[in-house]
Ligand code: GRF
């Protein structure tokens with residue numbers, strides 16, 4: 001005998017913005033069932049591997065630098081949360097305002113340390129090593145008009161080992177990022 005059970009699944013539609021290889025996007029795709037969100041749109045500001053990943057999974061994708069167009073496509077795809085994952089462009093203030101508390105970023109440092117304009121990619125871990133830090137890490141934060149300046153949601157730290165160079169430290173931080181970001185998105189889904 002079978003019973004008809006109506007299960008209401010609630011998936012939060014997220015848009016992932018990326019500019020490069022999209023390894024963070026890949027992790028967000030891989031963990032969407034586990035954390036109950038749906039990667040419903042990928043936006044890039046240039047031709048990049050992230051765009052190909054989206055196409056491979058039949059995820060709607062847009063390559064654009066026109067923020068009016070991007071905003072329109074976000075609404076058409078019923079996006080509830082924007083996740084910046086290696087997106088190398090400044091978000092206009094009006095988008096930050098319109099999407100306030102619905103746009104988050106992952107940054108590869110323990111903000112407020114090593115953030116701000118020009119602090120991206122390998123430069124961040126080079127600065128961490130140059131400053132003699134014993135701890136590095138990553139931060140998920142809300143996006144505001146100030147680069148890397150929005151309220152912090154969560155952080156994960158890793159040890160800086162004596163033999164580290166910027167590349168080895170960067171790899172360890174990226175692993176921490178890939179564990180933290182989907183989890184944070186999952187928490188925001190539950191809110
Ligand atoms: C991550 O290290 C993240 O901290 C930064 O960009 C990197 C993402 O690269 N914002 P990828 O394109 O996801 O591989």
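Computed from the coordinates by the stated procedures, all read-outs in this text should not be read as laboratory data. The structure displayed is predicted, hence computed values, not measured ones. For neighbour counting, all protein chains shown are included, and Cβ atoms are generated from backbone atoms with ideal geometry for every residue, glycine included.
Going by alpha carbons, how many degrees (0 to 90, nearest 10) lie between the helix axis of 166-190 and the longest principal axis of the chain?
Helix 166-190 sits roughly 30 degrees off the main axis of the chain.
Between residue 55 and residue 113, what's the calculated FRET efficiency when r is the beta-carbon distance and R0 is 35 Å? Round to 0.05.
Step by step, r from the Cβ atoms, then E = 0.45.
Please report, in whole Å³, the volume per residue of the convex hull around the C-alpha atoms of the chain.
138
Helix-only estimate, please: 222 nm mean residue ellipticity of the chain, summing -39500 (n - 2.57) across DSSP H runs of length 4 or more and dividing by its residues, to the nearest 500.
Calculated at 222 nm, the ellipticity per residue is -11000 deg cm²/dmol.
Would you please state the base-10 log of I(q)/I(0) at q = 0.23 1/Å for the range 97-191, with intensities from the Debye formula using one equal scatterer on every alpha carbon?
-1.14
Give the separation of the Cα centroids, the range 112-136 to the range 57-89, in Å.
So the two Cα centres are separated by 28 Å.
Round to the nearest 0.05 the FRET efficiency obtained for residue 75 and residue 122 when R0 = 35 Å and r is the Cβ-Cβ distance.
Rounded to the nearest 0.05, the efficiency is 0.50.
Can you tell me how much longer the chain between residue 187 and residue 36 gets when fully stretched, taken as 0.36 nm per residue apart minus their C-alpha distance, in nm with one decimal?
Length gained, residue 187 through residue 36: 53.4 nm.
To make sure I understand, if each residue's beta carbon is the centre and we count other beta carbons within 10 Å, what order do 57, 37, 142 fall in, fewest to most?
57, 142, 37
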